[in-house]
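Read through the structure below, which is laid out as structure tokens, and then see the notes.
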Amino acid sequence: MLELKDVYAEVEGEGIEILKGVSLTINKGEIHAIMGPNGSGKSTLAKVVSGHPEYEVTQGDILFNGESILELDPDERAHAGIFLAFQYPVEVPGVTNTTLLRESYNTIAASRGREELDPLEFDDYIREKLDLVEMNPDFLERSVNTGFSGGEKKRNEIFQMAVLQPSLALLDETDSGLDIDALRVVSEGINKLHTSEDAVILITHYQRLLNYIVPDFVHVMRDGRIVKTGGKELALELEEKGYDWLDSQTTVNGEVK
Amino acid sequence: MTLNKQIELSVLHNLAAAETAPEERWADIRKESRSALSQTAFPHRKIEEWRFTDLRPITRTEFVPLENAGAFPVSGAETYFIPESEGSRLVFVNGRYQEELSSTGPLGKGVIFGNLAEYEDNPVVQEYLNKLLNYEEDVFSLYNGALLNDGAFIHLEKNAKAEAPIQVLHLYTDSAKPFVATPRLLVVAEEESDLTIVEDHVGLGNNVYMTLPVSEVKVKEGAHIHHVRLQRDSEEAVHVSRPIAYVEKNSEYHAYTITLGARLSRNEPRVVQEDEEVDFTLDGLVLIDGNQIADTHSVMDHRFAHGQSHQLHKVVVNGNAHSIFNGKIFVRKDAQKIDSFQENRNLLLSYEGLVNTKPQLEIFADDVLCSHGATIGQLDPEEVFYLQSRGMTEEKAKEVLTYAFALETIENVKIESVHKLLIEEVNRYTRANSIQKETV
């Protein structure tokens, strides 16, 4: 579904290289966790895949369903089925959640050959999705993320994901800032949404999220590269030994060098 | 440049110096204003209050009296009537009252409104007309006085509640030569009365004209006034307005000014506190493009203790347009416990647009809460990306964000049709701008 081929990326116009040759293959039905210390390039990876204009891919390629997406704008990538749950969801005062979601749903539906929904049908549709993240219906008529607590913003991201039904979801530190109850709700939501037809990439610092969402693969990033790949037990090992433990290991993109 | 040279330079001074109105009515006000004008210079950019404002749209135009302008007849006036004001509508064309277009049914006990000329002998008019004006060294309010011939009058007796908003609709037609209109609005709200006014200036064509509206508003003890001022003059017009309000004990005055039209506009709203426990608002929304210049110089004068005031002035600039804001907040020595909020936020959509902003607080009391701020910025790329990642095109995302930026200032306009109209105007502006692709 998603294939990164030796991707190098830098901050547009500043020449600061952040991704230094990332290769990664994700098939449908899989859940991948990407872990690593601050500044290792995890969030950049998510932004590069979703097309953030701040980053430029200088080398390599990103294929989605077999086709390069490097030339696609972020909205075109969303139409293709890519979704990014933001680490810091943006407040958009004046635009209600319902307005944003109906606009998004219908543009994405149109480009993916799904039926568009009129306001009444849409209302029914989103209300059932609300339950999934245990969100109060009042949130629908509030301005997007405006005045939301950190936890509410994260829930709202997962709610948007539930409504938009992407085939690839990138969740950028969705667990940070959540208390234990919210973490459970959000994780259960993600688990319920996940099917054999879609894929999830979890970007996280901590192993605790992986107690709720069990990944098929765990990748560890350091300094713009994937330095180790393993199964879910790798996360536990990292939790126990810390990232420094990896300094004694030398593997790049999962291959022993 | 000497004072006399300055005065000679202004065609308007000559225009105002000639007695054009044959009526006896208000001859004294006209004479008094002419006399003051002869001692008042036309402004120029060396004066601090005018340093950012390009007045050439005024100085380079040969304005003539309306009678000599060859104004075209009005058509399509009803398009601008708001349904809430059927029965409470005063219509002016090129500054002159139009009885056949107006609609003046009963509006509740003690609510008097109509053509100012018809109330010439009304004691309230006698007491207040031209007496509430207080603009120092200001030629524009003097022009209005020197050319005074028509206006709207609203008087609410004690405890009177206007059952519907009063629409004061000014329509301006195209004409063979550019003319000057000098409409006047006098509002006196007695104790515990309640009124909503929708003042609307509409250019029906795209010619040059100049309108110099003056409004004098007296809000007596416990009275409430909600004043919506909508400026959609023609794209070549000049609009210079002088709205002043005096607020007495326990009264409220809330003004919302929406500036969309005119080649050059200069709006100088003032609110003067006359007693304790008042609450007033001077909010503004400016959406400009092309070569438009929109200038707001406001004064909020806190003279007594326990006042609350609010000014949110939002501006969107595109093309080569130029916005100027100077918001003066005075808090006098005895005006303790004042809570005053001022914020000027500017959104620049083009590289060529220009914004000058100058919040100006002069506080002489020591126990007050005054917050103020001014920002000039572009759309936040992070917000644009967020919406794009949810499937919106870049243009749509920018349109939505511009709309959202502007919306905050019109939320408090409670008249349903006007609120809807404003949303349509904001939408039209943002859509026109996303098509231009000039955006940053």
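Every number here is computed from the coordinates shown, using simple stated rules; none is lab data. As the structure is a computational prediction, the values presented were derived from the model and not from experiment. Counting neighbours? That spans all protein chains shown, and the Cβs are built from the backbone with ideal geometry, glycine included.
Label separation (B:GLU23 vs A:GLU17): 8.2 nm, computed from points 7 Å beyond Cα along the C-beta direction.
Remark: mean inter-chain Cβ contacts per residue of A:94-100 equal 4, using a 10 Å Cβ-Cβ cutoff to other protein chain atoms. Distance from a point 7 Å along Cα→Cβ of B:GLU48 to each backbone N in the range B:362-379: keep the residues under 12 Å and list them by number. Correct set: B:362. Note on A:ASN65/A:VAL214: beta-carbon distance plugged into 1/(1 + (r/R0)^6) with R0 of 35 Å gives a FRET efficiency of 0.90. Taking every Cα-Cα distance in the range B:131-191 and sorting them into 10 Å bins from zero, the calculated P(r) comes out as 16, 39, 31, 13, 2 percent. The label point for A:THR25 and the one for A:ASP223, both projected 7 Å from the Cα toward the Cβ, are 2.7 nm apart. Pairs from the list B:LYS218/B:LYS314; B:LYS177/B:LYS328; B:LYS31/B:LYS177 with a Cα-Cα gap above 32 Å: B:LYS177/B:LYS328.
Given a cut-off of under 8 Å on Cα pairs at least six residues apart, what relative contact order in percent is computed for chain B? The partial results should precede the final answer.
Details: 1152 pairs, mean separation 43.5, N = 440.
Taking the mean separation of contacting Cα pairs over the length of chain B, I get 10 percent.
Projected label points at B:ILE112 and B:ASN134, each 7 Å from Cα along the beta carbon direction, are separated by 2.5 nanometres.
What relative contact order, as a whole-number percentage, does the range A:2-256 give when Cα pairs under 8 Å and 6 or more residues apart are counted?
Computed over the range A:2-256, the figure is 27 percent.
Return the FRET efficiency for the residue pair B:GLU127, B:THR104: r is the Cβ-Cβ distance, R0 is 25 Å, and the value is rounded to the nearest 0.05.
E between B:GLU127 and B:THR104, to the nearest 0.05, is 0.65.
Taking every DSSP bridge with both residues inside chain A, close to 60 percent are antiparallel. Counted over chain B, the DSSP beta bridges are approximately 5% antiparallel. The alpha-carbon of A:LYS154 sits under 21 angstrom from the alpha-carbons of these lysines, leaving out residues fewer than 8 places away in its chain: A:LYS42, A:LYS47, A:LYS129, A:LYS192.
Pull up the cross-link candidates among the aspartates and glutamates for B:LYS337, meaning alpha carbon to alpha carbon under 16 Å and not fewer than 8 places away within one chain. The qualifying aspartates and glutamates are B:GLU274, B:ASP275, B:GLU276, B:GLU277, B:ASP279, B:ASP301, B:GLU362, B:ASP366, B:ASP367. Assign one of three labels to chain B, namely rounded, prolate or oblate, based on the Cα gyration tensor with a ≥ b ≥ c the square roots of its eigenvalues; rounded applies when a/c is under 1.5, prolate when it is not and a/b is larger than b/c, and oblate otherwise. Since a/c stays below 1.5, the shape of chain B is classed as rounded.
Computed over the range B:380-440, the alpha-carbon pair-distance distribution with 10 angstrom bins reads 23, 46, 26, 6, each value a whole percent. For the residues of A:74-81, the average number of beta carbons from a partner chain within 10 Å of their own beta carbon is 5. Structural descriptor for the range B:264-357: relative contact order 31 percent, calculated from alpha carbon pairs under 8 angstrom and at least 6 residues apart.
Cα axis of helix A:119-132 to longest principal axis of chain A: angle in degrees, 0 to 90, nearest 10? On a 0 to 90 degree scale, this one is about 50.
For chain B, excluding the exposed loop sites themselves (chymotrypsin sites (Phe, Trp or Tyr not before Pro), DSSP loop, at most 12 other Cβ atoms within 10 Å), the longest remaining stretch covers B:1-350.
Among beta bridges from DSSP that stay inside the protein assembly as shown, the antiparallel ones total about 20%.
Using r as the Cβ-Cβ distance of B:ARG96 and B:ASN427, and R0 as 30 Å, what FRET efficiency do you calculate, to the nearest 0.05?
The pair B:ARG96/B:ASN427 has a calculated efficiency of 0.35.
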